[in-house]
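One structure below.
A short reminder: the numbers here are calculations on the coordinates, not readings from a lab. Predicted model only: the values in this text are computed from it and were never measured. No Cβ is skipped: glycine too gets one built from the backbone with ideal geometry, and neighbour counts run over all protein chains shown.
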């Protein structure tokens, strides 16, 4: 009975869904593909699309976690540092002779632990998410550098690197991991009660609390998800380059925010979808790939992507005023 009452109260919050935004982002992605197909003869090919998917996998995975956090009205700046820590933790375990699967679990646990710390700072410590995760971003990066005095760990075993370097049925393994995580976390957000609680907290924190939602638990959950997904991305990155680097993931938190915003996640909280973020990540991936193929300077690429991000946020603000 209590659950039924809670569900009814949450329904009364009128939690928004971004179907229109999703279609808009998908249309933008299709237009980008059409444009670059005319601008470069090398763009429209299966091999190039697989390359884009592989390169986009890391960004899409961390962006999913960032989406959960942003829907609650927060932000996670520690993603990049968390990626490096997970890779270093697993690599150090592998050096001791630990089996690859056990080392991977250690890396994932380290990422989830960082997420839990972030969530505790925000929910119990009442720290602004920006400040809390800025602090952990710096501290965790320092931990990664301290573990090996800033020296990368190479010579990782095949049982570990297979997840980043090999392919099955012609599709690189990072693409499978990205697809699986997108489906799982998309289902959680769209079809489960915890996912509904995430929207409720972001739409109206106080109303959600008064409706019976354990808001602190929800905040901790989304940061744990973000940390866990950052760890997944860090392990894939280490496996792809067969080296764990303490500087890995530097600046990737910005790509995660960009993918989420382009995909329709509101910077004010309460709106966003995993599907939209997935498409947003590919918008960035296609944009970079296409600009590379037509010979645009990497410096100019940063300007273009920055403009796209600002335009997305601007349109979001306009939409919320309608």
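Taking 0.36 nm per residue of sequence separation and removing the Cα-Cα distance, the residue 158/residue 41 pair yields an extension gain of 38.6 nm.
Taking a point 7 Å from the Cα of residue 247 along the Cα-to-Cβ direction, the residues of the stretch 278-307 with backbone N closer than 20 Å to it are 298-299, 302.
Ratio of alpha-carbon Rg to the 2.2 N^0.38 Å globular estimate for the stretch 103-181, to two decimals, please. If you can, show how the numbers build up before the last one.
Numbers: Rg = 16.7 Å, N = 79, 2.2 N^0.38 = 11.6 Å.
This ratio for the stretch 103-181 stands at 1.44.
Modelled spin labels at residue 127 and residue 299, positioned 7 Å past Cα toward Cβ, are 3.7 nm from each other.
Sorted on the mean count of surrounding Cβ atoms within 10 Å across their residues, most packed first, peptides 102-108, 144-150, 185-191 read 102-108, 185-191, 144-150. Computed with the Debye formula from one identical point scatterer per Cα of the stretch 179-322, without solvent, the log10 of I(q)/I(0) at q = 0.15 Å⁻¹ comes to -0.91.
With contacts taken as Cα pairs under 8 Å at a separation of at least 6 residues, the stretch 182-293 carries a relative contact order of 27 percent. Considering every alpha-carbon pair of the stretch 246-318, the percent of pairs per 5 Å bin, from zero through the bin containing the longest distance, is 3, 16, 24, 24, 17, 10, 4, 1, 0.
Highest mean packing first, where packing is the average number of other Cβ atoms within 10 Å per residue, the peptides 271-282, 124-135 line up as 271-282, 124-135.
Return the calculated 222 nm mean residue ellipticity for the chain, to the nearest 500 deg cm²/dmol, obtained by summing -39500 (n - 2.57) across DSSP H runs with n ≥ 4 and dividing by the residue count. Walk me through the intermediate numbers first.
Details: 14 runs with 243 residues, N = 322.
Counting only the DSSP helices, I get -25500 deg cm²/dmol.
A convex hull fitted to the Cα coordinates of the stretch 13-321 yields 132 cubic angstrom per residue. In this rough spin-label picture, where each label sits 7 Å from Cα along the Cβ direction, the residue 34-residue 314 distance is 2.3 nm.
At the listed q of 0.09, 0.21 Å⁻¹, the Debye profile of the stretch 21-144, built from one uniform point per Cα, gives log10 I(q)/I(0) equal to -0.40, -1.11.
Which of the peptides 27-40, 76-89 is most tightly packed, and how do the rest follow, going by the mean number of other Cβ atoms within 10 Å of each residue?
Working: 27-40: 14.5, 76-89: 30.1.
Going from most to least packed, we get 76-89, 27-40.
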